Each structure stands twice: as structure tokens, then as C-alpha cells.
Amino acid sequence: MSLSLFRFWPALLSAVLLLAVCRSDPARRAVARVNGRALTVSELAATLPDRVDPMRNDSTVKRRYLEELIIKELVAQEAERRGLEEVTSHHEELGLKAFLIQELYRRVTAAGREVTPEGLDSAYGGLATELRLRLIEVAEESVARRVTAELAQGVPFESLAVRRSVLPNAASGGDLGWLPGVWLETPVRVLVEELEPGEHTPAVPVRDRWQFVKLEGRREADPPLPPLEQIRGELLVRLRQFRQQLLAREYQSQVRRRLEFVPEGIAVIIKPADSITPAEKEVPVAIRDGEKYVKVARLMHVLRRFPPALDSAMRCYAVERELEEDLMYEEALALGLDRLPSVRDSVARYRRRLLNQALYQRAVVESVKVSEAEIRDRFEANRDEFPGADFATAATQVEAGLLNERRDTAWRELVERLRSEAKITIDERVLRDIGQNPDGSWQ
């Protein structure tokens, strides 16, 4: 290999690898290039609404949505040129965090979609029988032990539900009414199936809480269930949703167990943010994984979002959610989910939308103005549109209409200029061939 060829070897290798990736994943092919930046098949596919059927190969529809995508990309590039990334960077980080947590949940709950024929038959059988239940749920293990002792002493279940349960139905003695046992969470359902009417379960740990369930009675479903074949599709959807919800709740419980909250720090975060002293900012709010301290200072950006009238419970909840999401975000990064093409595409679309909004705000909203004289002239020229109204009454409406007109014009002219100055190429073959596979993937 000559030295001159060797110099270009890295670029040649990159091109070969890129070509291999595009061939192995048709959705990554470029359907257009805007000033050298590729717009892929998957990016175009994400803009198509559900009502559009890509299998029809409707080139007019696809071309219209491609044109809209090109315009959004042009606007995003102009926003970058004007340095508006500084305005959007914080929101981009929040968007990445949200997309990664969403993907993490999708993976955590994926097993819930796997329903065997036997599982479906079992669920159908469970729907055929309804249970009359009462429920006591407590938040602390010490309270659960107390309830256990009181039940052993003969205290009525209903009375303990009123006194001890943290659920909204406590006032009714924990009454859940009649419901199919299949929708009970697995640890509880297994125990309830063994009960006779009048009996109750011991304390059952469920998602960091403890539940006691009393069986009041059993009966056949009323009205009777239709044959399984008539409701198979609906039951399959509901069963998958239920299983995925259980998996999500269990994962949330695992995350919460990694956090230990410090009472001294909780006492600080319920105060108005402006009243928190520098010394208080150094107080730990929580301990992560038994070793990492999270101080009040780390959470000030959350506390500053709270209005002064917000109650303490909501403040604590928001802080807890922030810390839980931090743990999930870090787990998603550790799994490399930020490198997934689907996540990268979602982040790119979100970033493009933020840049479009930032440019519209800077180039149009902040730049287009109307004077009082112009508002008055418009009012005088269109008095018939405001019968019985004087200028003072109609001025706000007139100003809004005039501003909207001028903003629309300014935006249209900006987009037309960007379009005329841009170098845009469209791969007609890729656009023509783009379609959706039966499994929902794009080619």
C-alpha cells in the first residue's frame, strides 16, 4: 500500500463501515441530505401519522412529510448557526433523561408481553369467579406487626382498616367490592385463593408496603363471561397491560429501596427555597446505595420550582421522584441505552424541535413588533368587525391579530430564504421504496 493511499485509509474504512451499517439496517439509509446532513428513513417514518398507510407507497404523502422534515432541519441548522444551542441545552439533557428512562421501562416490562396460551386460559378462568374483598394497606413494617397482633387479639378487620389503612377506602372498612381475583397481585392472589370466606391473609409485602386481605365471599361472574374466543384479543391486551404494570411497580420498588432518606434533610427541603441557608444546603437528604450522600444543594433546582404554597407532601414527593429518576438514568447509561438508534433518533427529533422553537422565539416573537399607531389604523380600517366596541376595548384583540399576521409572514419569509440558500438532495429511489414491514420496522 502506497503512503498516499495509506493517508486516506481511515476515511475509506469509515465509509465502508457506514455502508455496511446502512445495508444491515435499511431504516438508517439517507432519504435526503440538507447541507450535507443526512435525514434517514427512520426519521421520516417517525413523522408519519398513524392514519398514513406507508404500504400504499403514496409518494405524494411521503414527499409532503419529507419536505416538512427538511424545513425543520433547515431551521434547526439556522438556530445552531445563531448559537441558540445554549438556550436549548438544558432541555436537551432533560429530554435525553426522559427518553432513556422510557427505554429502560420498556426493557423492564418487556417480559410482561409474553403471555402463553396456558396463562390466557388461567386468566379467563380467574375472570369467571369474583371475590368480595377488604384490604388494609400500611406503609411501615412496625404498623404491619401491630395490625397482625390486633387481628390475633380479635379486633375486627373492618375497624383496623378504618384506623390503620393508608388507602382512600379505609373509611369503608377497606371494602373493595366484588372483583375478579385474577387482577390481584401475585403474592396476594396466591394466598387469597387458599382462604375461606371470613379468613384473611397475613401481612404480605407489596411494593414497599404491607397488605392484609380479607375474603368476604365468592360468586360466579355476573353477568357470565362470553366464550373465550369472543374476548381473547381484549383479554390478551388487558393481561399484558396488567403484567407490565406489575413489572414496572416492582422495578420502582427496587429503585426506592436503594434510597434511604435522612429526616434532617427532609426537614430542610420542605422550607421555601429562598430561606434555606448555606449551612442547610450541606445537610444530606438521602443516602444512595448505602454510601453516597445527596445533599440539599444538589436538589435546589427542584426546590426552586415549588410555589410557596405547595404543601410538604408534594415537595417530598417531587424530591423523591428526582432522586429515583437519577438512579434510573444512571442505570440506563450504564446499559448503553443512549447508544441505541431508536433513542438517538428520539433525542435528535426532540433537539430539532427545541431548536425550531428557539429560532421562532428569537427571530420572530422577539423581533416582530407593532406600534399603537398601527393598531389604531387597523382598528379604524376594520371597525365593522368590532360592532359597538371602542378602541380601548378592541385594542388587545386587534394587536393579537396584527401580530399573528406579521409573525406568520416573517416566519414564512425566513423559511423561504433558508430553503433557497440550502443545498438539498433527495434520494428518489429510497423515497420511492420506503415502506413498512409487517413487524412495524421500516425499509
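Bear in mind that the values in this text are calculations on the coordinates, not laboratory data. Since the structure is predicted, the reported quantities are computational estimates derived from the model, not experimental observations. Ideal geometry is used to build each Cβ from the backbone, glycine not excepted, and the neighbour counts take in all protein chains shown.
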Provide T109, T88, T425 in ascending order of the number of other Cβ atoms located within 10 Å of each residue's Cβ, fewest first.
T425, T109, T88
What pairs from K97/K369; K369/K423; K97/K281; K62/K423; K72/K97 go past 28 Å between their alpha carbons?
K97/K369; K369/K423
Once every DSSP H run of n ≥ 4 in the chain is given -39500 (n - 2.57) and the sum is divided by its residues, what mean residue ellipticity at 222 nm do you get, rounded to the nearest 500 deg cm²/dmol?
-18000 deg cm²/dmol
Name the residues whose placed amide hydrogens come within less than 5 Å of the amide hydrogen of T40, ignoring near sequence neighbours (fewer than 5 apart) on the same chain.
V31
Ratio of alpha-carbon Rg to the 2.2 N^0.38 Å globular estimate for the range 368-426, to two decimals, please.
1.61
Taking the Cα atoms only, what angle lies between the long axis of helix 59-81 and the longest principal axis of the chain, rounded to 10 degrees?
80 degrees
For q = 0.16, 0.21, 0.25 Å⁻¹, Debye-computed log10 I/I(0) when each Cα of the range 129-224 counts as one equal scatterer:
-0.60, -1.04, -1.42
Taking the chain as a Gaussian network, where each spring joins two C-alpha atoms under 10 Å apart, which residue of E114, E250, E374 fluctuates the most?
E374
Cα axis of helix 85-108 to longest principal axis of the chain: angle in degrees, 0 to 90, nearest 10?
40 degrees
So how many Å³ per residue does the convex hull of the Cα atoms of the chain work out to?
309 Å³
Report, to the nearest 10°, how far helix 117-127 tilts away from the longest principal axis of the Cα atoms in the chain, using its own Cα long axis and a range of 0 to 90°.
60 degrees
